[in-house]
Structures are given as C-alpha cells and as structure tokens.
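Here the structure is laid out as structure tokens; the discussion comes afterwards.
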Amino acid sequence: MMANIKKIGVMTSGGDSPGMNAAIRSVVRTCAFHKIECVGIYRGYEGMIEGDFISLDARSVKGIINKGGTFLKSARSKEFMTKEGRQKAYNALKAANIDAMVTIGGDGTFTGALVFNKEFNFPIMGIPGTIDNDIFGTSHTLGYDTALNTVVDVIDKIRDTASSHNRLFFIEVMGRDAGHIALNAGVGAGAEEILIPEEDLGLERLVDSLLRSKKSGKSSSIVVVAEGDKTGKNVFELKDYVNENMPEYDVRVSVLGHLQRGGSPSCFDRVLASRMGVRAVEDLINGKSNYMVGLLNDKINVTPLEQALKGKSEINKELIRVSDIMST
C-alpha cells in the first residue's frame, strides 16, 4: 500500500559511526529520485524538539560519502525521554509538514523511535549505525567494518614495537556489551589472546596461555581486550596481575578509545549505507513503518524495531574456536 508521504526527515542519534554521512546521502538522494522532499534534523531528538531542521536536496549531500562522523551532528536528549519532550518533537515535525522519519543510530535511538511511534503513530524506519555491531537483525551495523580495519591497522603498528622490545601489549578496544570488534580484529591481527564479554577466559587461563606462548618461543605477545571483558579487571589491573605473575614480561597497555569511531568509512560501509538508505525510504513510501533495515546473508532485509531491540546479536562461536587454534 502506497503511503501519502511528501516529506521525510532524517536524523542521526547516539554515538557517531563511519558511514552515517553516506546513509544520510542515500536517504536524501532516494527522496530526490522519488520526488519527495527531505529535511535534515540536527542533533538527533534534541534538534527535533527544538525544530532545528534544514531542507536537503541531492546537491546538499555532495562530497560527504567519504567523511566520517555525521554532518547532522548527534546528541543525547534527556527531554525526549519525557512525554512532554516527545509532544514538543511531534509538534515541531507537524509544523514542518514532515510525514515520516529515518533514524540512524543504535539501541537508544531505536528505543526512542519505538516509543514515539506508539504514542503518535508516526511512520519511522531505522538504520543501524554503531561500530559495536551489537544490534539484532543485521550481520553488520554501519561503521563496524571501518572500525575493524582501523583497529587491525593500529595493532599491526603496535606489534612492530612489541616485537622490537620483547613486550606484552594489552590493547583495549570498544565493546562494553559485545566482543565483535575484539574477536574479529584479534583474529585479523593475529593476537595471542582475545578477552571478550561473552566468554570468561579467567586470569589463570590467560597466564597459562601466555606461559605456553613464551615456551613455544614467542618473545612478544598481543592481547586484545574488549572494554566489557568479564574477567572483572580493567585493562590496567590485568597488566598489574601479569606483572606480578610473569615478571619476565615487560607489559604495556594501549587503550584505543575514540580513534576507533572516526575516519573515512570503508568501501563496504559506504555501499551498505547506500543500500540501507534506499530501502528505508522506499519502505516508508510503500506504507511500512517501525522496522529496522539490516543486512542478512548479503541481502537487505527488515526486522521489526521491537525485535531488533529485544533480540541479542550473537558472537561467532566458530571464530572463537578459530582464534584458539590460531594462538597455538
């Protein structure tokens, strides 16, 4: 069923991720292709409440496909968490004659979108943008592939130093609740051990593994640690523990932090963003609402927003086994 949609809003919310600009570009140009007006909403839900909007056409988004971050900016909005705040946002959208919305972000963004849709029956489609890859209903979120490549590149550089000085490096990567970055980047960069929230490796097994590495002739080691690892120790406490139990190692810590979020998106993320933007807009035109666009088996699919939020993205068990074999 075709919906009578003449103007679509697009916004980014929560943590930024490479590929968000490419997704905005795709939404805007798909609107232009179908002769629908497009409005950019600055600063996520905060800008929606304030009516901080800008008209966008196909030329407004030239030269942004290769840019990291989001030119529409991102912000967290406490006011949107209140009924009054959401009412203000709805009034602002109606005053600007916006009929539907594409929201680009993660869990928090989709939670807000779901509540907003239930209260005002406002058509919404979600595009998953987060480097953590922790959203159900898609094998890849926007920014995840770029973050992986960034992390592998940095670990390669750190390994040069580690091997030159016979050092053990603990490298902390993002992933408070999900170990996708740590696991994939760790395997890709040849880490000796990978610590992730989904698997409790335990400190004794870590030391045993490092001792085995030492005995097998390895003079340096890389251990990749997701920030949410379940050993119950932060990365600096891990360093102290190994120093106490393996004084023969010269241990260093490198926390990669926000450099994982920035940078020019990979080709994969640019293509994925383009595909997702087209699907989100065309589904709204066809009367669909309250879905998240995702990638499954290299096909663009949609998952109900509620399911995307309730479901859990599973860590790749086969890759855990591969990492154990590779660290021999």
Tell me, please, whether a residue that is closer than 23 Å to Asn286 by Cβ, in contact (Cβ under 8 Å) with a residue 24 or more places away in the chain, surrounded by 19 or more Cβ atoms within 10 Å (Cβ to Cβ) and of a type in the set (Val, Ile, Thr) can be found in region 31-53. yes
Quick check on my filter: what residues within region 118-157 are part of a helix (DSSP H, G or I) and open to solvent by 20 Å² or more (accessible area, probe 1.4 Å)? Lys118, Glu119, Phe120, Asp145, Leu148, Asn149, Thr150, Val152, Asp153, Val154, Asp156, Lys157
Looking at (1) at pLDDT 95 or above; (2) closer than 17 Å to Gly15 by Cα, which is the only condition Ala185 fails? (2)
Check Ser77 against each of (1) at pLDDT below 95; (2) more than 14 Å from Ala113 (Cβ to Cβ) and name the one condition it does not meet. (2)
Given (1) hydrophobic (A, V, I, L, M, F, W, C); (2) in contact with a Gly (Cβ under 9 Å, 6 or more places away or on another chain); (3) more than 17 Å from Arg261 (Cβ to Cβ), index of the condition Ala162 fails: (2)
State whether one or more residues within region 20-34 are touching a strand residue (DSSP E or B) at 6+ places or on another chain (Cβ under 6 Å) and either of a type in the set (Ser, Thr, Tyr) or at positive phi (or both). no
Here is a list of conditions, (1) modelled with pLDDT of 85 or more; (2) farther than 15 Å from Gly175 by Cα; (3) not aromatic (Phe, Trp, Tyr), and Pro247 meets all of them except one; can you say which number that is? (1)
Within region 69-117, can you find the residues that are closer than 23 Å to Val278 by Cβ, assigned to a helix (DSSP H, G or I) and either over 25 Å from the mean Cα position of the chain (by Cα) or among the small types (Gly, Ala, Ser) (or both)? Leu93, Ala113
Restricting attention to region 191-207, report how many residues are open to solvent by 40 Å² or more (accessible area, probe 1.4 Å) and either in a loop (DSSP other than H, G, I, E, B) or at pLDDT 80 or above (or both). 2
Based on what the data block shows, is Gly14 of a type outside the set (A, V, I, L, M), in contact (Cβ under 8 Å) with a residue 12 or more places away in the chain and either farther than 30 Å from Gln260 by Cβ or open to solvent by 10 Å² or more (accessible area, probe 1.4 Å) (or both)? yes
So, first residue among the acidic types (Asp, Glu) in region 72-90, second residue assigned to a helix (DSSP H, G or I) and open to solvent by 40 Å² or more (accessible area, probe 1.4 Å), Cβ within less than 8 Å, six or more apart or across chains; the pairs are Glu79/Glu46; Glu79/Lys88
Among (1) open to solvent by 70 Å² or more (accessible area, probe 1.4 Å); (2) closer than 30 Å to Cys267 by Cα, where does Glu84 come up short? (2)
Name, by its number, the condition in (1) crowded, with 17+ Cβ neighbours inside 10 Å; (2) among the acidic types (Asp, Glu); (3) over 20 Å from Gly126 (Cα atoms) that does not hold for Asp57. (1)
If you take the residues of region 165-177 that are touching a Gly at 6+ places or on another chain (Cβ under 9 Å) and open to solvent by 10 Å² or more (accessible area, probe 1.4 Å), which of them is modelled with the highest pLDDT? Glu172
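The values are calculated or read from the model by the stated rules, or taken from the named source; none is laboratory data. Keep in mind that what you see is a predicted model, and the values were worked out from it rather than measured. For neighbour counting, all protein chains shown are included, and Cβ atoms are generated from backbone atoms with ideal geometry for every residue, glycine included. To get the accessible areas, we keep the full protein, side chains included, count just its heavy atoms, and leave off ligands, DNA and RNA. Shrake-Rupley method; radii C 1.70, N 1.55, O 1.52, S 1.80 Å.
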